[in-house]
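Quick one: the structure is below, and I'll ask about it shortly.
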Amino acid sequence: MMLQKRLGADILKCSPQRVWLDPTKLDEIKGAITKFDVRRLIAQGIIIKEALYGGSKVRSRERQAQRSRGRRRGIGSRKGTAGARTPAKETWMARIRTQRDLIKRLRDHGTITPQTFHQVYRKAKGGFFRSTRHIKVYLEEQNLFLKK
């Protein structure tokens with residue numbers, strides 16, 4: 001029986017655990033000792049490759065949908081540090097891109113001079129500003145906004 005399972009697994013390209021032998025036809029199966037014999041039994045449906053049963057993804061999809069809405073993200077659900085969940089580089093990229101967009105818009109609208117733009121751009125690159133609001137506060141304090 002083990003020989004037939006192994007030969008069946010070779011032919012069906014699966015694990016021997018997935019090979020099913022018909023319990024009512026054991027005499028025929030015992031007589032099959034070559035791959036040719038086993039192929040004949042497979043054609044007759046006496047030896048079958050069982051279906052793979054995977055876990056259902058329904059619950060997983062439901063959870064994912066909830067997470068996309070901001071649920072299930074509390075402290076009790078977290079594994080890993082804040083830096084592991086959103087790396088420092090990604091946080092930096094998000095922050096610097098919004099800051100650079102702001103100062104480019106201010107320059108293009110003529111709210112600041114190109115010289116001020118360059119100065120503020122370099123400060124942003126150096127990590128001087130915490131946010132876009134901080135840039136606006138800085139520009140007001142230094143009187144760098146052009147008068148309309």
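The values are calculated or read from the model by the stated rules, or taken from the named source; none is laboratory data. Computed from a predicted model, the values in this text were never measured in an experiment. Cβ coordinates were reconstructed from backbone atoms using ideal geometry, including for glycine residues, and neighbour counts include every protein chain displayed.
What residue, of I96, I11, is without any contact (Cβ under 8 Å) to a residue 60 or more places away in the chain, assigned by TED's automatic domain parsing to the domain that holds V137 and not aromatic (F, W, Y)?
Among I96, I11, only I96 is without any contact (Cβ under 8 Å) to a residue 60 or more places away in the chain, assigned by TED's automatic domain parsing to the domain that holds V137 and not aromatic (F, W, Y).
Considering T113, T91, which residue is modelled with pLDDT of 95 or more, surrounded by 13 or more Cβ atoms within 10 Å (Cβ to Cβ), assigned by TED's automatic domain parsing to the domain that holds R133 and of a type in the set (S, T, Y)?
T113
Just checking, how many residues over segment 46-59 are modelled with pLDDT of 95 or more and out of contact with any strand residue (DSSP E or B) (no Cβ under 9 Å at 6 or more places or on another chain)?
2
Could you look through segment 98-118, keep only residues that are among the hydroxyl-bearing types (S, T, Y) and part of a helix (DSSP H, G or I), and pick out the one that is farthest from the chain's Cα centre (by Cα)?
T116
Follow-up question, since we're still on this one. Hey, which of the helices (runs of 4 or more DSSP H) in segment 1-90, taking only ones fully inside, have at least 3 residues that are of a type in the set (K, R) and either in contact with a helix residue (DSSP H, G or I) (Cβ under 6 Å, 6 or more places away or on another chain) or more than 30 Å from G127 (Cβ to Cβ) (or both)?
Once the helices (runs of 4 or more DSSP H) in segment 1-90 are filtered for at least 3 residues that are of a type in the set (K, R) and either in contact with a helix residue (DSSP H, G or I) (Cβ under 6 Å, 6 or more places away or on another chain) or more than 30 Å from G127 (Cβ to Cβ) (or both), what remains is 35-44, 58-68.
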